[in-house]
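Some notes on the structure that comes next.
Bear in mind these aren't lab numbers, they're just calculated from the coordinates by the rules spelled out. The structure presented is a predicted model; accordingly, all values stated were derived computationally and were not measured. We place every Cβ from the backbone using ideal geometry, glycine too, and count neighbours over all the protein chains shown.
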Amino acid sequence: MFTVIHDGGTVELSSASLAEAAHMVMRYDGHEFEIRANEDGGFSLWTTRFSRNSRCYRGLTRSMIYSIEDDKTRAEAEIYQKVIDDNAGRWESARTPKPKPIALPPSWRAIPTTIRKVV
């Protein structure tokens with residue numbers, strides 16, 4: 001289970017599944033995403049670099065996050081895990097007093113969230 005916390009301390013989502021937490025992060029502030037089948041097998045995550053609320057909005061582009069799984073359910077789970085592990089913002093274990101910063105791709109730099117894994 002996951003909790004998504006806004007930088008201001010507001011709990012945006014609690015007792016969330018992996019998919020729910022990933023959706024919250026990827027849809028923050030008007031961003032969009034899709035998981036699309038690749039022509040040569042597997043699935044890729046497509047995201048917006050800018051919010052649809054921005055004048056810079058240009059639609060979806062293929063990200064570097066993908067799965068080679070041919071089963072869509074398993075591919076989605078793998079992609080959501082990668083989003084949370086590598087790109088969601090900051091991880092904080094329930095046992096860790098401070099969030100650990102991780103690198104964000106350019107499209108997710110403005111996401112003011114902490115993801116807390118409930119152990």
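Our estimate of slack between Trp46 and Ala19, defined as 0.36 nm per intervening residue step minus the Cα-Cα distance, is 8.2 nm. Ranking of Glu34, Glu39 by neighbouring Cβ atoms within 10 Å, starting from the fewest: Glu39, Glu34. Remark on His31: its backbone amide H falls under 5 Å from those of Arg52, a criterion applied only to residues 5 or more positions apart or on other chains, H modelled at 1.01 Å from N.
Computed over neighbours whose Cβ is under 12 Å from that of Ser67, the net charge equals -1, Lys and Arg +1, Asp and Glu -1. For a modelled paramagnetic label at Asp71, 7 Å from Cα along Cα-to-Cβ, the residues of region 19-45 in reach, with backbone nitrogen under 15 Å, are 42-43.
Annotation: the residues Met26, Met1, sorted from fewest to most other C-beta atoms within 10 Å of their own C-beta, follow the order Met1, Met26. Projected label points at Arg62 and His6, each 7 Å from Cα along the beta carbon direction, are separated by 3.6 nanometres.
Tell me whether region 16-61 comes out rounded, prolate or oblate; compute the Cα gyration tensor, take square roots of the eigenvalues as a ≥ b ≥ c, and use a/c under 1.5 as the rounded threshold. Taking the square roots of the gyration eigenvalues as a ≥ b ≥ c, region 16-61 is oblate.
Rounded to the nearest whole Hz, the Karplus-based 3J(HN,Hα) values (6.51 cos²θ - 1.76 cosθ + 1.60, θ = phi - 60°) of region 58-75 follow the sequence 10, x, 7, 10, 5, 8, 8, 9, 8, 9, 8, 4, 8, 7, 4, 4, 5, 5, with x at glycine and proline.
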